[in-house]
1. Which ones in region 195-219 are open to solvent by less than 20 Å² (accessible area, probe 1.4 Å) and without any contact (Cβ under 8 Å) to a residue 60 or more places away in the chain?
2. Can we say residue 278 is in contact with a strand residue (DSSP E or B) (Cβ under 9 Å, 6 or more places away or on another chain) and modelled with pLDDT under 80?
3. Search region 304-315 for residues that are on the phi > 0 side of the Ramachandran plot and pair each with any residue that is open to solvent by 40 Å² or more (accessible area, probe 1.4 Å) and not small (Gly, Ala, Ser) when their beta-carbon atoms are under 6 Å apart and the residues are at least 6 apart or on different chains.
4. Condition test on residue 210, is it part of a helix (DSSP H, G or I), at pLDDT below 75, among the charged types (D, E, K, R) and within 13 Å of residue 420 (Cβ to Cβ)?
5. With respect to residue 330, determine if the residue is aliphatic (A, V, I, L, M) and more than 19 Å from residue 412 (Cα to Cα).
6. Would you mind stating whether residue 308 is over 24 Å from residue 228 (Cβ atoms), touching a helix residue (DSSP H, G or I) at 6+ places or on another chain (Cβ under 8 Å) and open to solvent by less than 10 Å² (accessible area, probe 1.4 Å)?
7. Name the single residue that is nearest to residue 346 (Cα to Cα) among those in region 220-240 being open to solvent by 70 Å² or more (accessible area, probe 1.4 Å) and either small (Gly, Ala, Ser) or not in a helix (DSSP H, G or I) (or both).
8. Search region 119-138 for residues being open to solvent by 40 Å² or more (accessible area, probe 1.4 Å) and assigned to a helix (DSSP H, G or I), and hand back the single one that is nearest to residue 103 (Cα to Cα).
Amino acid sequence: MSIISLIIKREFIAKVRNKSFVVMTFLSPLLFVAIAVFIGYLSSMKAETKRIAIHDETGLFVSDFLKENKKGAEFKYLNLSGTDVNALKDSIVKENFSGLIVIPKTKNVKDLESKIEFISNNSPSISFIESTQDIIGNKITKLNLEEAKLDTLAIQKAQSDVNIHLVKASGEESLKGLNEIKIAIGGAFGYLIMMFIIIYGNMVMRSVIEEKTNRIIEIIISSVKPFQLMIGKIVGTSLAGILQFVIWAIIGLGLMFAASAFFGVNVGPTARISPEMMQTAQHEFSGSAQMYIAELWNLPIASIIIGFVIYFIGGYFLYSSFYAAIGAAVDNQTDSQQFLLPILMPLILSVYIGFFTVVSDPHGSVAVIFSMIPLTSPIVMLMRIPFGVPWWQIAISVSLLFATFFLVVWFAAKIYRVGILMYGKKPTWKELYKWLKY
């Protein structure tokens, strides 16, 4: 067995036998499910009804607000004509109102657009302000139309409510929320890639620093070349990460099958969504849940999983080379902070590009370019895959990623072989540049 194979085996066994690794491997999926269920439970809880007082000197908006009493707020009209604002504030405090809407009397109804006030001790939510503005705005618009002697009923009848049906090329109807599913899956896998790179990259760096601090490294490199040791650490840790992901994927697929059986969804290759279910899903949550699960199985799950493994390996190899070089250059984790920021910036940039660019335009120029750049492609391309990516773009992206990895390994090995025996001196960027030229 070659020396590199022995190092890989040693690193892999050391990581897999770690108690925290075993616990988190099986506990993490359960934690994710528990968090998802908890978030769903919180979102289903009804918000506390707020009691809002209305002082309408015009008398035009009271009926419109009273119609909204069942939508998270309870409006009550206070007939306090001639009362100043301070007295109104005292009255709402005594009666435990959350706030007071003051609508003054004006010569022109249009002047109300900038003179209405909401008085409250606490800042109101954005949704409440928007709904209140909509109620007042719709009423003023209606009054303006009547003043212009336009038929408001005719205008309402002329308004159109367009409902576009999404149809696949195969003729099946598609769920309108399918893009949200793709965004969620792409974002989750992209975020996992970033977290795995940071977690396992730090493992490599900590392992190098620990061996260097304990002076074990001096014994190891007496029979092993520094380059072989670095590659063995990177590959061994990556195999442990892949094993962890495979276990998570098996548990995740098991949970999907359980959810499919619970909702009675056919997940076979002949699975079809009936028009009745499609129409019901537009109005009922239960039908919608069945639709989402059925559409989830129609996604390129195999491509997403294979893409995750490939980009995890490529991205991890690339960034772990940096982490290994940093670990060899410093004596403790505190000294490594000055070198970590340039490594983390591309990862952070790729996450922002993924959530703000890929989500809105997965096939746009920005998304395509950054899915080709090796430092950002592991996250950006993985977020694009659920939307469908041509095979040649994936091939170019993967080729550039692994070619850059070999180039970075060559440079990182130069820093590694010099820094691995350096003690008691904090390296600078200038020092690292000199090591590259040795």
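1. 211
2. The answer is yes for residue 278.
3. Hits for this filter: zero, empty list.
4. no
5. For residue 330, the condition - aliphatic (A, V, I, L, M) and more than 19 Å from residue 412 (Cα to Cα) - is not met.
6. yes
7. This residue is 225.
8. Here the residue is 133.
The values are calculated or read from the model by the stated rules, or taken from the named source; none is laboratory data. Small disclaimer: the values here were computed from a predicted structure and weren't measured. Note that we place each Cβ from the backbone using ideal geometry, even for glycine, and neighbour counts take in every protein chain shown. Note: areas computed on protein heavy atoms with side chains; ligands, DNA, RNA excluded. Shrake-Rupley method; radii C 1.70, N 1.55, O 1.52, S 1.80 Å.
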